[in-house]
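Have a look at the structure below, then the notes.
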Amino acid sequence: MFGERMKLPVNGTKISVQNNKLVVPDNPILGYIEGDGIGPDITRACLRIWDMAVKQAYNGKRKIHWAELFMGEKAAGKFNGNYFPDETIDALKEIIVSIKGPLTTPVGGGFRSLNVSLRQVLDLYACVRPVRYYSGVPSPMRHPEQVDIVLFRENTEDVYSGIEYQSGSPEMRKIEKFLKEEMGATFFDDAGIGIKPISPFGSKRLVRKAIQYAIDNNRKNVTLVHKGNIMKFTEGAFRNWGYELAREEFGDSTITEDELWDKYDGKQPEGKIVIKDRIADITFQLMQLRPTEFDVLATTNLNGDYLSDAIAAEVGGMGIAPGANIGEHVAVFEATHGTAPKYSNLDKVNPGSLLFSGVSMLEYIGWTEAAELIKTNYPKVIEKKIVTYDFARQMENATEVSTSGFADALIEQIEKG
Ligand code: NAP
């Protein structure tokens, strides 16, 4: 996998897994994929910021050794037109922790989204989206600082699993016949048909990750978001399996919302995480009206897709919303926006989404001091109104800077402390 076309840094040491935990050396090799469109601009800027934060936090005793991995257009150039080389997939597994910029989905030719393929091939079953507010960032909310949640979205099941049959196709006719004649289902003729599988295995491993995160990060509650009032055996089952998992595997550290009221008179006991559930549509409303009631969310795939973007909008939008796709250990952190091709190579866009994905990556490997340096210094730059174009157009008297100019300002701020 590593060789002439993709090089492993010589001085770094690979992260490993022992006793089900990551073992991170002081000189870890982390992977990065620049991505297409605006990817190279934001990646260049962020690599400088992350490296500086690590240097400052550990006085040079720790250092990331970056391995550039190839996917998307850059891969096609190096691997004879292959956008998704096996070598890169193997490298992502071997290096364990990586970060990527956005990738173009080539249109036509039956090409699946590279992002979707990546999640499936590496079984990155949890899409993790932390959403919190940084002061100074323009927001449509009156109290955006009340939003501080981490959303765990199931990544492999639901209507996104690709089991879909086109109206009029022989496959669709076969299923239509089976459903109508054998199962007594009724629906309009010629309907395209999509299947929504939700399994105990898929639901439980996602909820397990969400609860473990809540425990590790001193969060207060985990909300199972579902549409179980309508779809009882898929969405409703997700909810039930979530409670079951919490009871069976985290019985000592969790209580249900019912128990909170029945046994504890509504006062959350120290060291217990409250497991509750909310219907998806209500959750959208509550995330605007009473966001403080939410901490960690665990959702099915489609609900989580909508909800994560909606919540991100409350604290500044896609330009700064970070994300990650995580499997048992292998994790690929990523900017959540696309390649914004009209801004390619203009050194113009907001690096925030990739930047904060990198912050989550630093937290994932346990380098919280470096992550903290970025989190505390970022708002100081924004409060000075030194921002990229997207924030500048929402602020009065802002100083608009380029992507690299923003990185310079943040690095200077981190150095100053
Ligand atoms: P997009 O690339 O996210 O861009 C849509 C708009 O969002 C941009 O025109 C820009 O708005 C704003 N935007 C995105 N990133 C920004 C940033 N870093 N800073 C400031 N503003 C930013 O969505 P798209 O145009 O629909 O998709 C383009 C390509 O990206 C497609 O090939 C799509 O498949 C791919 N895509 C990839 C990923 C991924 O790799 N994770 C995700 C989504 C889409 P203004 O023009 O208003 O300034």
Checklist entry - Longest exposed-loop-site-free stretch of the chain, with chymotrypsin sites (Phe, Trp or Tyr not before Pro), DSSP loop and at most 14 other Cβ within 10 Å? => result 189-417
Checklist outcome for this item: Log10 I(q)/I(0) at q = 0.22 Å⁻¹ for the range 129-178, from Debye over equal alpha-carbon scatterers, is -0.86
Checklist entry - What percent does the relative contact order of the chain come to when contacts are Cα pairs within less than 8 Å and at least six residues apart? => result 22
Checklist entry - Put a dot 7 Å past each Cα toward the Cβ at residue 21 and residue 141; how far apart are the dots in nm? => result 3.3
Checklist outcome for this item: If every Lys and Arg gets +1 and every Asp and Glu gets -1 at its Cβ, then about the Cα centre the chain yields a dipole, in debye to the nearest 20, of 600
Item to check | All Cα pairs of the chain, percent lying beyond 41 Å | outcome: 17
Checklist entry - So how much accessible area does residue 216 have, in Å² to the nearest 10, using a 1.4 Å probe? => result 100
Checklist entry - Picking from 269, 283, 161, whose Cα lies most toward the positive end of the charge dipole for the chain (charges on Cβ: Lys, Arg +1; Asp, Glu -1)? => result 269
Checklist entry - In debye, nearest 20: dipole of the range 151-296 around its Cα centre with unit charges on the Cβ of K, R (+) and D, E (-)? => result 200
Item to check | Between the range 380-413 and the range 169-246, the alpha-carbon center distance in angstrom | outcome: 43
Item to check | Net charge, residue 205 excluded, C-beta distance under 15 Å - Lys, Arg +1, Asp, Glu -1 | outcome: -3
Next on the checklist: When the expected Rg is taken as 2.2 N^0.38 Å, what fraction or multiple of it is the alpha-carbon Rg of the range 104-253?
Outcome noted: 1.33
Checklist entry - Of all DSSP beta bridges in the range 240-390, what percent run antiparallel (nearest 5)? => result 60
Item to check | List 295, 86, ordered by accessible area with a 1.4 Å probe, largest first | outcome: 86, 295
Checklist outcome for this item: Of the DSSP H helices in the chain, the ones reaching 15 Å or more along their long axis in Cα terms and averaging at least 0.0 in Kyte-Doolittle hydropathy are 352-364
Checklist entry - What whole-number value in cubic angstrom gives the convex hull volume per residue for the C-alpha atoms of the range 1-120? => result 112
Checklist outcome for this item: Reported to the nearest 10 Å², residue 61 has, with a 1.4 Å probe, an accessible area equal to 150
Checklist outcome for this item: Env charge @ residue 127, Cβ radius under 10 Å, K,R +1 / D,E -1, value 0
Checklist entry - Taking GluC sites (Glu not before Pro) as exposed when DSSP calls them loop (any state but H, G, I, E, B) and at most 15 other Cβ atoms lie within 10 Å, what is the longest stretch of the chain free of them, the sites themselves excluded? => result 5-269
Checklist outcome for this item: If unit charges are put on Cβ atoms (+1 for Lys and Arg, -1 for Asp and Glu) and the dipole of the chain is taken about its Cα centre, the option from 366, 178, 240 lying farthest towards the positive end turns out to be 366
Checklist outcome for this item: Of the listed links 196/272; 55/384; 55/220; 209/272; 174/196, those spanning more than 26 angstrom between alpha carbons are 196/272; 55/220
Item to check | Positive-end residue, the chain charge dipole about Cα centroid, Cβ charges, pick of 337, 10, 322 | outcome: 10
Next on the checklist: I'd like the antiparallel share, as a percent to the nearest 5, of DSSP beta bridges with both residues in the chain.
Outcome noted: 40
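The values are calculated or read from the model by the stated rules, or taken from the named source; none is laboratory data. All values derive from a computational prediction rather than experimental measurement. As a convention, Cβ positions derive from the backbone with ideal geometry for all residues, glycine included, and neighbour counts pool all protein chains shown. Ligands, DNA and RNA are excluded from the accessible area calculation, which covers all protein heavy atoms including side chains. Shrake-Rupley method; radii C 1.70, N 1.55, O 1.52, S 1.80 Å.
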